[in-house]
Structure formats: C-alpha cells, structure tokens
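A quick write-up on the structure given underneath.
The values are calculated or read from the model by the stated rules, or taken from the named source; none is laboratory data. This is a predicted model, so every value here is computed, not measured. As a convention, Cβ positions derive from the backbone with ideal geometry for all residues, glycine included, and neighbour counts pool all protein chains shown. Accessible surface is based on the protein model in full, side chains and every heavy atom, while ligands, DNA and RNA are left aside. Shrake-Rupley method; radii C 1.70, N 1.55, O 1.52, S 1.80 Å.
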Amino acid sequence: MNFDKDLKDLTDIPALSGHEDKMIDYVLEKLRKTCQRIHVDKLGNITATYPGTEKDGTSIAFFAHMDEVGLIVRKIEDNGFLRLERVGGVPEKVLPAAFLEVHTLDETKSYRGVVGNTSHHLTPADKKFAVTTITELYVDLGCKSKEEVLEKGVAIGSVVTYLPNYTSLGNYVASKSLDDRMGIYALLSMAEKLDQREHKADVHLIFTVQEEFNIRSSTPTFHRLQPDAAICVDISPACDTPELKGRYEMELDKGVAIMYMNFHGRGTLGGLLPNPKLNAFLEETAKEEGLKCQKEVVIGVITDDAFTQLAGTEGIPMAHLSIPLRYTHSLVEVASRQDIEDCIALMMAAACRFSRQVDLTRGIKK
C-alpha cells in the first residue's frame, strides 16, 4: 500500500450509505491480489478470510465500514434548486457555501453544486449567527428549471456527497470521509501482510456497509461467521483542539485508542462495553510491540460493534480500536499518519498472536 495514493483513492470514492458499490468494487480488486476466500453478502458486506496455521477452527475478525455520511435529493424546485435530506450525521452548520458532488440517479455521472448561502449584505441581524437547518438549505446546480435538472439525470433520490479534497498537512492528513476510510486502509494493509506473516487463527477482514445510516447492516456477516473474537476499527473525536481541549483524553500523535466504553447518548440505546480480557490482550500486545496507545471512554459515539456483539447464539467478544480524528463528519477531517500506522501495527500483531490459548471467558477463576 502507498499511504498517500491509496488513502486519497479511498477518500475520493463516493460511497454514501446504501450506495457503496464503487467502494465494493475497489476493495474487491485489492483483495483478489492476496485472498482466495472472499464473500460478498446480499447487503454488500465483504469478508476476506485468511486461513491460520492451526486447524482448530479458531477465528478472529477485524472490521471497518466502507460508507460515508452525505445527503440525498428530496425535492427539485421549479426554478432548478435542489432540496436535501441528510443521510447519517451531517452537521448542518458546515454546509452553507460548500461545494458538493451531486450524482445522477444511476450514479454514472456527477456535477458540482454549491449550497446556497444568503448574501451577507442582505442577511438580517437575527440570522447572522444562526445555523441554517436542512429544511432551509438548497443546492445550486446552475440550472434554471426542474426540467433542466432532470435532463442531467439528477432526480429525487440522487445521492449527494462531499467534494473530494485529500491534502497532506505534513505529519497529518486532511480529507472528507477519513471516517472510516482510515479503517478500510488499515484492513487493506493487513490484507497485503497476512499471507506473508504466520498467524495461528483464521483471520476475517470484514468491510461493512450502512454504518453511518443504521449501524446494523453488518450483523448478518457476524451471524454467519460467529468468530471467537472481533475487533472494530473506527474513529473517535480528538479532543486536542481549542474548543474540545481536555473534554476526553484523545489526541493526535498519541497512538490508536483502545476503547473501554462508548455510548450513543441519545435516541435508541446502544454502545459497546468491550470484553475485558480482549482489551487486556490488546493492551499487552501493544506493550510488547512497543506501540503507543491511548484509552478511550466517550459519550456520543457509536458504531457497528454495538450490535454485532449480539450476533449468533452466544454473542461475540468484541473490542474496539479508535483512530483519533479532528472535525468529525465535517467537509474536511484531520488525522495523524503515525496513529494510522500504529493502528495497523497493533491489528497485525493481534492477528498473529491470537489463538485458542487467549482466554476470553467471563467470570473470575478461583
């Protein structure tokens, strides 16, 4: 893997929740170079399995989501402006005056559009510091009528994504959809290494869909596989910027975080309390490999593992690795190159060390 080229390629690909087909094609092309056992389920979740050296059926899964947040066209005004709905946790405050990529209904073409923003000179005082809600926002495609929009192939149901913008910031990288293309990059990096490194357990690399929309679409894969352990890799908000400094102990350049609790905090209950012994296994592995890592407890974050832990007839021991990320779900997010590399190193070490001898049973032995 080439860090900048491959991460740029991944973040450039539009893959709104439920519309991950271009990402699926890209991932499959990469995986077929190293893996003989690839499965794509009816929802689009991809599993690549790398058999271990010990034939006792032990397995461990690593997973990340392919989709990204974005929008969808809900109405076309008679004068050609587009009205939108959010798909996933899009922060409305970042949208006014932004360039967006508006895709045709068949997703074969796209057009650049700009989100309208009331002229500063004519904005009333009570609106100058207010967030424009999604019901008020609109996209300007440069069209004069609904008919002109429809002729372009844009219609109700057309996907709208953030504009690709991958940039190097020295030791950091900035781009849309680093959540969770960093995790996908990490899995693809593992795929290159797994057939060159000995590992006792079967290793499943799982690329999931619709995490940003319903965080449940990966559960059929876990019902099918029922691995002995699973580790999710996703992001967590970095709290090293002025407005978040000290809220949680998550910072760039301090390594990947081993999560001890996350929780949605609103709406439907959901989150993860990881298997304590699996966390201890990760902590010990990081220490022995000389890798920096952080500990994470956060409210307001939830991902696939909130529900995949409940799969099968007995549940699945879960752990979660978080790559710190600034400005989450915004048009541009920022992450540390070294944190991404540390995450890959810890995942690889865990994959190579995991075996039947790793005790994940519950209860205190006497």
Counting only residues in segment 21-54 that are in contact (Cβ under 8 Å) with a residue 60 or more places away in the chain and of a type in the set (S, T, N, Q), the one most open to solvent (accessible area, probe 1.4 Å) is identified as T53
For segment 67-88, state whether one or more residues are within 30 Å of E151 (Cα to Cα) and aromatic (F, W, Y).
yes
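Taking the stated definitions as given, is K287 under 17 Å from I60 (Cβ atoms) and at pLDDT 90 or above? Before the answer, list the steps.
Working: under 17 Å from I60 (Cβ atoms): no; at pLDDT 90 or above: yes.
Taking the combined requirement at face value, the residue does not satisfy it.
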Taking segment 277-296 on its own, how many of its residues are in a helix (DSSP H, G or I) and open to solvent by 70 Å² or more (accessible area, probe 1.4 Å)?
4
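Out of curiosity, is R74 modelled with pLDDT of 95 or more, among the basic types (K, R), more than 26 Å from D6 (Cα to Cα) and within 29 Å of the chain's Cα centre (by Cα)?
Judged against the criteria, R74 is a match.
Condition check ((1) over 21 Å from the mean Cα position of the chain (by Cα); (2) polar (S, T, N, Q); (3) not in a loop (DSSP other than H, G, I, E, B)) across all residues:
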{"residue": "I302", "(1), (2), (3)": "no, no, no"}
{"residue": "A306", "(1), (2), (3)": "no, no, yes"}
{"residue": "L310", "(1), (2), (3)": "no, no, no"}
{"residue": "T328", "(1), (2), (3)": "no, yes, no"}
{"residue": "I344", "(1), (2), (3)": "no, no, yes"}
{"residue": "S355", "(1), (2), (3)": "yes, yes, no"}
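Being out of contact with any His (no Cβ under 7 Å at 6 or more places or on another chain), under 11 Å from E85 (Cα atoms) and either at pLDDT below 95 or surrounded by 13 or more Cβ atoms within 10 Å (Cβ to Cβ) (or both) is the filter here, so list the residues in segment 144-159 that pass it. Reasoning before the result, please.
Filtering segment 144-159 down to residues out of contact with any His (no Cβ under 7 Å at 6 or more places or on another chain) leaves 144-157.
If we keep only those that are under 11 Å from E85 (Cα atoms) as well, we get 156-157.
Residue satisfying the conditions is I156 alone.
So which residues in segment 118-157 are polar (S, T, N, Q) and over 19 Å from V73 (Cβ atoms)? Explain how you work it out, then say what you get.
Going through segment 118-157, the residues polar (S, T, N, Q) turn out to be 118-119, 123, 132-133, 135, 145.
Answer for segment 118-157, where residues must be polar (S, T, N, Q) and over 19 Å from V73 (Cβ atoms): T118, S119, T123.
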Residues being out of contact with any Leu (no Cβ under 8 Å at 6 or more places or on another chain), farther than 15 Å from V297 by Cβ and either among the acidic types (D, E) or open to solvent by less than 20 Å² (accessible area, probe 1.4 Å) (or both): count how many of those fall in segment 235-249.
2
Residues of segment 229-255 satisfying the condition of being out of contact with any Lys or Arg (no Cβ under 8 Å at 6 or more places or on another chain) and either more than 20 Å from N214 (Cα to Cα) or acidic (D, E) (or both)
A229, D234, P242, E243, L244, K245, G246, R247, Y248, M250, E251, D253
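Determine whether V173 is under 30 Å from F207 (Cα atoms), open to solvent by less than 70 Å² (accessible area, probe 1.4 Å), out of contact with any helix residue (DSSP H, G or I) (no Cβ under 9 Å at 6 or more places or on another chain) and hydrophobic (A, V, I, L, M, F, W, C).
Details: under 30 Å from F207 (Cα atoms): yes; open to solvent by less than 70 Å² (accessible area, probe 1.4 Å): yes; out of contact with any helix residue (DSSP H, G or I) (no Cβ under 9 Å at 6 or more places or on another chain): no; hydrophobic (A, V, I, L, M, F, W, C): yes.
Considered against the rule, which asks whether it is under 30 Å from F207 (Cα atoms), open to solvent by less than 70 Å² (accessible area, probe 1.4 Å), out of contact with any helix residue (DSSP H, G or I) (no Cβ under 9 Å at 6 or more places or on another chain) and hydrophobic (A, V, I, L, M, F, W, C), V173 comes out as no.
Would you point out which residue out of G57, G18 is open to solvent by 30 Å² or more (accessible area, probe 1.4 Å) and either within 27 Å of L169 (Cβ to Cβ) or modelled with pLDDT under 95 (or both)? I'd like the intermediate steps shown before the answer.
Values: G18 fails: either within 27 Å of L169 (Cβ to Cβ) or modelled with pLDDT under 95 (or both).
It is G57.
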Per the list (1) among the charged types (D, E, K, R); (2) closer than 24 Å to Y327 by Cβ; (3) part of a loop (DSSP other than H, G, I, E, B), residue check on D234 breaks on (3)
For segment 171-187: of the residues being of a type in the set (A, V, I, L, M) and under 13 Å from the mean Cα position of the chain (by Cα), which is nearest to V87 (Cα to Cα)?
L178
Yes or no: segment 180-200 includes at least one residue that is part of a strand (DSSP E or B), open to solvent by less than 10 Å² (accessible area, probe 1.4 Å) and out of contact with any helix residue (DSSP H, G or I) (no Cβ under 8 Å at 6 or more places or on another chain).
no
Please specify each residue of segment 330-341 satisfying the condition of being surrounded by fewer than 24 Cβ atoms within 10 Å (Cβ to Cβ) and in a helix (DSSP H, G or I).
R337, Q338, I340, E341
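Looking at segment 250-276, which of its residues are basic (K, R) and buried (at least 16 other Cβ atoms within 10 Å of the Cβ)?
Filtering segment 250-276 down to residues basic (K, R) leaves 254, 266.
Within segment 250-276, K254 is the sole residue that qualifies.
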